[in-house]
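The values are calculated or read from the model by the stated rules, or taken from the named source; none is laboratory data. Bear in mind the structure is a predicted one, so any value in this text is a computation, not a measurement. Please note that ligands, DNA and RNA were not included when accessible areas were found on the heavy atoms of the full protein model with its side chains. Shrake-Rupley method; radii C 1.70, N 1.55, O 1.52, S 1.80 Å.
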Amino acid sequence: MISIPIYEAKNKLPLYIRMVEEGESFQITRHGTPVAYLVNTEGGKDTNSIDKFEMVMQHWRDKYSDCFLSQEEEQEYFEQPRQPSQIRHIEDFE
(Lines give C-alpha, C1' and ligand atoms only; values in the text may rest on other atoms or scores of the structure.)
Protein backbone atom coordinates (compact mmCIF):
# COMPACT_ATOMS: atom_id res chain seq x y z
CA MET A 1 0.00 0.00 0.00
CA ILE A 2 1.31 3.40 -0.97
CA SER A 3 1.24 6.21 1.61
CA ILE A 4 0.45 9.74 0.36
CA PRO A 5 0.00 13.06 2.17
CA ILE A 6 -3.51 14.50 2.21
CA TYR A 7 -2.55 17.60 0.22
CA GLU A 8 -1.16 15.42 -2.57
CA ALA A 9 -4.28 13.25 -2.57
CA LYS A 10 -6.41 16.39 -2.91
CA ASN A 11 -4.34 17.80 -5.77
CA LYS A 12 -4.05 14.53 -7.73
CA LEU A 13 -7.33 12.81 -6.83
CA PRO A 14 -8.36 11.92 -10.43
CA LEU A 15 -5.01 10.18 -10.97
CA TYR A 16 -5.31 8.23 -7.71
CA ILE A 17 -8.91 7.25 -8.48
CA ARG A 18 -7.78 5.79 -11.82
CA MET A 19 -5.01 3.88 -10.05
CA VAL A 20 -7.50 2.55 -7.47
CA GLU A 21 -9.75 1.37 -10.30
CA GLU A 22 -6.77 -0.61 -11.58
CA GLY A 23 -6.34 -2.30 -8.18
CA GLU A 24 -3.91 -0.04 -6.29
CA SER A 25 -4.70 1.11 -2.74
CA PHE A 26 -3.46 4.16 -0.84
CA GLN A 27 -3.06 5.23 2.76
CA ILE A 28 -3.71 8.97 3.15
CA THR A 29 -1.75 10.72 5.89
CA ARG A 30 -1.87 14.07 7.67
CA HIS A 31 1.53 15.08 9.05
CA GLY A 32 2.66 11.47 8.69
CA THR A 33 -0.28 10.01 10.63
CA PRO A 34 -2.64 7.71 8.69
CA VAL A 35 -6.15 9.23 8.51
CA ALA A 36 -7.88 7.39 5.63
CA TYR A 37 -7.57 4.66 3.03
CA LEU A 38 -8.38 4.95 -0.65
CA VAL A 39 -9.33 1.45 -1.83
CA ASN A 40 -11.25 -0.23 -4.61
CA THR A 41 -14.88 -1.11 -3.83
CA GLU A 42 -15.88 -2.84 -7.07
CA GLY A 43 -14.30 -3.73 -10.40
CA GLY A 44 -10.60 -4.26 -10.97
CA LYS A 45 -8.81 -6.10 -8.18
CA ASP A 46 -11.35 -6.40 -5.34
CA THR A 47 -10.12 -6.11 -1.76
CA ASN A 48 -11.41 -9.03 0.31
CA SER A 49 -12.20 -8.93 4.02
CA ILE A 50 -8.78 -10.33 5.02
CA ASP A 51 -7.03 -7.52 3.13
CA LYS A 52 -9.29 -4.97 4.85
CA PHE A 53 -8.52 -6.52 8.23
CA GLU A 54 -4.79 -6.37 7.48
CA MET A 55 -5.12 -2.68 6.51
CA VAL A 56 -6.85 -1.91 9.81
CA MET A 57 -4.27 -3.89 11.77
CA GLN A 58 -1.42 -2.11 9.98
CA HIS A 59 -3.04 1.24 10.82
CA TRP A 60 -3.15 0.26 14.52
CA ARG A 61 0.45 -1.01 14.42
CA ASP A 62 1.62 2.25 12.84
CA LYS A 63 -0.38 4.47 15.18
CA TYR A 64 0.26 2.60 18.44
CA SER A 65 3.56 0.82 17.79
CA ASP A 66 5.16 2.39 20.86
CA CYS A 67 2.47 0.82 23.11
CA PHE A 68 3.20 -2.81 22.27
CA LEU A 69 6.08 -5.16 23.01
CA SER A 70 7.78 -7.09 20.24
CA GLN A 71 7.45 -10.88 20.42
CA GLU A 72 10.96 -11.13 21.86
CA GLU A 73 10.28 -8.45 24.48
CA GLU A 74 6.98 -10.10 25.41
CA GLN A 75 8.61 -13.50 25.84
CA GLU A 76 11.42 -12.01 27.94
CA TYR A 77 8.91 -10.12 30.11
CA PHE A 78 6.84 -13.21 30.92
CA GLU A 79 9.90 -15.39 31.59
CA GLN A 80 11.19 -13.04 34.30
CA PRO A 81 10.36 -13.98 37.90
CA ARG A 82 7.82 -11.69 39.53
CA GLN A 83 9.13 -9.17 42.04
CA PRO A 84 7.17 -7.97 45.08
CA SER A 85 5.43 -4.65 44.62
CA GLN A 86 7.43 -1.52 45.41
CA ILE A 87 4.36 0.46 46.49
CA ARG A 88 5.06 2.72 49.44
CA HIS A 89 2.54 3.88 51.97
CA ILE A 90 2.23 7.43 53.22
CA GLU A 91 3.42 6.29 56.65
CA ASP A 92 6.80 5.41 55.11
CA PHE A 93 7.45 9.12 54.49
CA GLU A 94 6.66 10.44 57.97
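The residues of the range 44-84 that are modelled with pLDDT of 70 or more and assigned to a loop (DSSP other than H, G, I, E, B), listed by number, are Phe68, Leu69, Ser70, Gln80, Pro81, Arg82, Gln83, Pro84.
Tell me, yes or no, whether the range 7-25 has at least one residue that is assigned to a loop (DSSP other than H, G, I, E, B), at pLDDT below 75 and open to solvent by 100 Å² or more (accessible area, probe 1.4 Å). The answer is no, given that none of the residues of the range 7-25 is assigned to a loop (DSSP other than H, G, I, E, B), at pLDDT below 75 and open to solvent by 100 Å² or more (accessible area, probe 1.4 Å).
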